Structures are given as C-alpha cells and as structure tokens.
Amino acid sequence: YAEAVGPGRIRLGGRELGCVDRDGAAGEVTVSIRPERVGIHAPDFGGENILVGEIERVVFAGPLLNVLVTVEEVGTVQGTIPNQGGCFRWDWPDKVALQFPQDALRIVSETGTATDELDPEYEEDHAE
C-alpha cells in the first residue's frame with residue numbers, strides 16, 4: 001500500500017512519487033501501473049519517480065522479458081521489456097532503478113477499480 005500525501009502525490013517505499021489521482025484520494029491507497037510502463041535502469045539513474053530494488057528473477061517469455069524486482073518496503077514489482085536477444089545486462093541479484101512515469105502510475109479507488117480514464121498509449125496500442 002501507499003499513502004496519498006497530496007493531489008497527485010503518494011509516499012511509497014520511503015519516497016514521494018507523482019501519480020494520476022482523479023478522485024482526490026487521501027490516506028492509504030493502492031497504486032497500479034502496467035508492467036510495460038515501468039522503466040528499468042542502472043541503480044544510479046537519476047530522475048523523477050524512482051525506486052531502487054534488487055532483481056529477484058528474469059523470466060523469458062518469447063518476445064518479452066518479465067523482470068521481477070524486490071523493492072524494500074514495497075514488495076515485488078514487475079517490469080516487462082522487449083526481448084532483444086541477450087541485450088538485457090542485469091540478472092539476479094543486481095540492483096536496478098525502477099522509473100514509474102507519473103502519467104502511468106495510478107491510484108486505485110477504495111472499491112478496487114482503477115480510475116476512469118485509461119492510459120492514452122494503451123488505448124492507442126489496443127484500439128480495435
């Protein structure tokens with residue numbers, strides 16, 4: 001769980017992160033992000049909305065790699081990246097920085113349903 005600390009701001013893993021907050025949430029909240037939107041970088045990567053963790057496992061899934069990262073005080077976070085034939089340079093137990101784009105990190109409402117609006121990139125990629 002995370003704590004909503006202001007409009008579009010949460011505290012998670014000891015850090016304050018920007019997020020989408022359509023309902024003006026307060027107190028304890030659950031946040032969600034699509035795994036392909038999680039950026040995976042070197043542990044010294046600088047920028048906004050960064051949490052550092054340790055790779056728990058890399059799962060090869062054909063054209064994708066599912067990277068499971070343990071973040072202290074948060075738990076396991078999954079990032080999904082394209083499999084580029086051996087170009088992924090980290091493995092267990094390497095430390096990595098996870099970047100959560102503010103427009104992709106969303107507060108989930110108290111009823112367990114995500115906020116109304118879908119991610120515009122997701123809508124474009126999955127249009128019929």
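The values are calculated or read from the model by the stated rules, or taken from the named source; none is laboratory data. In this text, all values refer to a predicted model and were calculated from it rather than measured experimentally. Note that we place each Cβ from the backbone using ideal geometry, even for glycine, and neighbour counts take in every protein chain shown. With ligands, DNA and RNA removed, areas are computed over all heavy atoms of the protein, side chains included. Shrake-Rupley method; radii C 1.70, N 1.55, O 1.52, S 1.80 Å.
Some observations on this one:
- Checking 88, 100, 60 one by one, the residue that is within 30 Å of residue 24 (Cα to Cα) and either hydrophobic (A, V, I, L, M, F, W, C) or in contact with a Pro (Cβ under 7 Å, 6 or more places away or on another chain) (or both) is 100 and no other.
- Residue among 46, 39, 75, 79 that alone is in contact with a helix residue (DSSP H, G or I) (Cβ under 6 Å, 6 or more places away or on another chain) and among the small types (Gly, Ala, Ser): 79
- Check on residue 51, aliphatic (A, V, I, L, M), closer than 15 Å to residue 103 by Cα and part of a strand (DSSP E or B): no
- Looking across the stretch 54-69, the residues that are in a strand (DSSP E or B) and open to solvent by 70 Å² or more (accessible area, probe 1.4 Å) come down to 54, 56, 57, 60, 64.
- Residue match in the stretch 14-32 (condition: part of a strand (DSSP E or B), over 13 Å from residue 99 (Cβ atoms) and charged (D, E, K, R)): yes
- Hey, residue 121 at pLDDT 95 or above and either surrounded by 17 or more Cβ atoms within 10 Å (Cβ to Cβ) or more than 12 Å from the chain's Cα centre (by Cα) (or both) or not: no
- Whether a residue is at pLDDT 95 or above, assigned to a loop (DSSP other than H, G, I, E, B) and of a type outside the set (Asp, Glu) was assessed, and residue 84 does not pass this test.
- Matching residues, the stretch 24-40, being acidic (Asp, Glu) and either loosely packed, with under 13 Cβ neighbours inside 10 Å or farther than 17 Å from residue 104 by Cβ (or both): 28
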